[in-house]
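First the structure, in the form of structure tokens, and then the observations on it.
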Amino acid sequence: MAITAIAVFVFACKEDNSTEETYEKEIAEIAEEETILEFGYDLKQYEFKRDTIKKGDTFGIILERNNIGYPKIYQIAEKAKDTFDIATKLQVGKPYTLLFSKENLSDSLQKPTTFIYQETLEEYVVIDFKDSIQAYTSRKPITYVQKTATGVIENNISETLEKKGLSHMLAYKMADDIYAWTIDFRRLQKGDRFKVMYTDKYIDDTIYAGVHNVKAAYFEHNGDSLYAFEFKTDSVKNIIDYFNEDAKNLRRAFLKMPVKFGRLSSRYNLKRRIAYYGYKVRPHKGTDFAAPIGTPIMATANGTVVESRRRGGNGKYVKIRHNDTYSTQYLHMKAQNVKKGQFVKQGDIIGWVGMTGNSGGPHVCYRFWKNGKQVDPFRQKLPEAKPISDSLKVRYLEYIKPIKQQLDNIHFLEAEPIEQENTITEDQITDIQ
Ligand SMILES: [Zn+2]
């Protein structure tokens, strides 16, 4: 609690003085009676200063501003560089903390003893130069809290979640992950309702870090009751799918399109005639999706990257082999995000929309190969995702038995608060096979 209060105080100060060029020292006083553990330090033992990296800030500039001279800065940077490349890695807007010893508090040239840089909410780098120079990376403690929630649709899922104070991430999980192939979330009806068992993630016990996973869900839509249970089918490749109460995979083998919000701009057409080529037939064996430059391109199915390179009219492209029958190819990328030989999962970002090669505008040309020939993906009866193996099926049905019972025992009561269950460890969550 104290940490949050101090952080808010410091940020508020910075805001007010943001126009001033001069850097102000802000040393937060900590209440005597409390122990504040953060970054592995008892902050009560130190004076500390929190700020964010500003434009033009470097490790050297920050330390120099805090009365550390250049010979020492070089020495620190040199020792720390195997852990953290100070010169290149500081990003504008990321928070950092400086610790000061309480001993020489009266000294007007107070020098910090430790620099802590937070790369993400969870991960941080410590460079401690109090005595000897030490540098290491670490993570903040994370807690997982299991919860259950219910909702009844009035207009749409986001509104229902918002009214109940639930994370919008639950909507994404249900619409994009779990029920993407079984429910059209733009066509939900008033009175459709759901139950969900999920895990929320917190950093340092207090900072909400989103929905970690959805363990099980139940959706009533159009008179259908759709169960979904999370289950890991391949622990090596870390493949997690959702299956219904009969162990049927809820996922299709292929996504309909490789971009989330793209406009179908040109379909597969063997008889296409183009004015530019004097109305001669120039077959188009791909399906074009127009989208702004930089839009993420997703692998439409699990598979192995067999090509990731730049060539002629294709520009920068990626080709993925899914199995003996199917491969897909994605052209005109701004840049690829995968390497040849890499295994990718459906929905993984493999590159970004661009206009390299022969491309009149930003789009991704999606090519769908079946048995070595390019076909129209919209005319294919796409296979269902890999069914669960017989041996796993037995385990799965055992596994979901108590979860389904728990799910069935959750009642739809609009006024009912979110139920918080026990706090669990990460191992307990991932133990889903
Ligand atoms: Zn095309």
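The values are calculated or read from the model by the stated rules, or taken from the named source; none is laboratory data. Fair warning: this is a prediction, and the values are worked out from it, not measured in the lab. Here Cβ is always computed from backbone atoms with ideal geometry, including for glycine, and neighbour counts include all displayed protein chains.
Before moving on, here are some points about what is shown:
- Summed over the stretch 304-326, the residues that are within 16 Å of the ligand (Cβ to nearest atom) and among the hydroxyl-bearing types (S, T, Y) give a count of 1.
- Meets criteria (touching a helix residue (DSSP H, G or I) at 6+ places or on another chain (Cβ under 8 Å) and either among the β-branched types (V, I, T) or more than 28 Å from F261 (Cβ to Cβ) (or both)) for V126: no
- Within the span defined as the stretch 212-219, every residue fails to be in contact with a helix residue (DSSP H, G or I) (Cβ under 8 Å, 6 or more places away or on another chain), part of a loop (DSSP other than H, G, I, E, B) and of a type in the set (A, V, I, L, M, F, W, C).
- Unmet requirement for A301, which otherwise passes all of (1) in a strand (DSSP E or B); (2) more than 16 Å from the ligand (Cβ to nearest atom); (3) of a type in the set (A, V, I, L, M, F, W, C): (1)
- The residues of the stretch 220-253 that are farther than 16 Å from F185 by Cα and either of a type in the set (K, R) or in contact with a His (Cβ under 8 Å, 6 or more places away or on another chain) (or both), listed by number, are K232, K237, K248, R252, A253.
- Selection from the stretch 330-376 of residues that are in contact with a Pro (Cβ under 8 Å, 6 or more places away or on another chain), among the hydroxyl-bearing types (S, T, Y) and within 13 Å of A291 (Cα to Cα): Y366
- Considering residues of the stretch 331-345 that are of a type in the set (A, V, I, L, M, F, W, C) and under 20 Å from the mean Cα position of the chain (by Cα) only, the residue nearest to F368 (Cα to Cα): V344
- Note on the stretch 296-313: among residues that are at pLDDT below 95 and either buried (at least 19 other Cβ atoms within 10 Å of the Cβ) or among the hydrophobic types (A, V, I, L, M, F, W, C) (or both), the one that is farthest from the chain's Cα centre (by Cα) is G303.
- Just one of the numbered conditions (1) more than 16 Å from the ligand (Cβ to nearest atom); (2) at pLDDT 90 or above; (3) surrounded by 15 or more Cβ atoms within 10 Å (Cβ to Cβ); (4) among the aliphatic types (A, V, I, L, M) is not true of A335: (3).
- Within the stretch 382-393, the presence of a residue that is at pLDDT below 95, farther than 25 Å from A228 by Cβ and buried (at least 16 other Cβ atoms within 10 Å of the Cβ) is excluded.
- A180 meets all of the listed conditions (1) at pLDDT below 90; (2) farther than 21 Å from R252 by Cβ; (3) within 20 Å of the chain's Cα centre (by Cα); (4) of a type outside the set (F, W, Y) but one, namely (2).
- Residue list for the stretch 216-237, filter: surrounded by 15 or more Cβ atoms within 10 Å (Cβ to Cβ) and under 24 Å from L392 (Cα atoms): A216, A217, Y218, L226, Y227, A228, F229, E230, F231, K232, T233
- The requirement of being modelled with pLDDT under 95 and buried (at least 17 other Cβ atoms within 10 Å of the Cβ) is fulfilled nowhere in the stretch 415-431; no residue meets it.
- Taking the stretch 359-376 as the range and being within 11 Å of the ligand (Cβ to nearest atom) and surrounded by 15 or more Cβ atoms within 10 Å (Cβ to Cβ) as the test, the residues that pass are S359, H363, V364, C365, Y366, R367, Q374.
- Here D82 passes the criteria (1) of a type in the set (D, E, K, R); (2) under 34 Å from the mean Cα position of the chain (by Cα); (3) assigned to a helix (DSSP H, G or I) except the one numbered (3).
- Number of the exception - K232 against (1) assigned to a strand (DSSP E or B); (2) out of contact with any strand residue (DSSP E or B) (no Cβ under 8 Å at 6 or more places or on another chain); (3) of a type in the set (K, R): (2)
- Annotation: D324 fulfils all but one of (1) within 26 Å of F229 (Cβ to Cβ); (2) free of Cβ contacts under 8 Å to residues at least 12 places away in the same chain; the unmet one is (1).
- Residues within the stretch 335-367 that are of a type outside the set (A, V, I, L, M) and not in a strand (DSSP E or B), tallied: 16
Residue by residue, here is whether (1) part of a strand (DSSP E or B); (2) without any contact (Cβ under 8 Å) to a residue 60 or more places away in the chain holds:
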position: D246; (1), (2): no, yes
position: M257; (1), (2): no, no
position: S265; (1), (2): yes, no
position: K271; (1), (2): no, yes
position: D288; (1), (2): yes, no
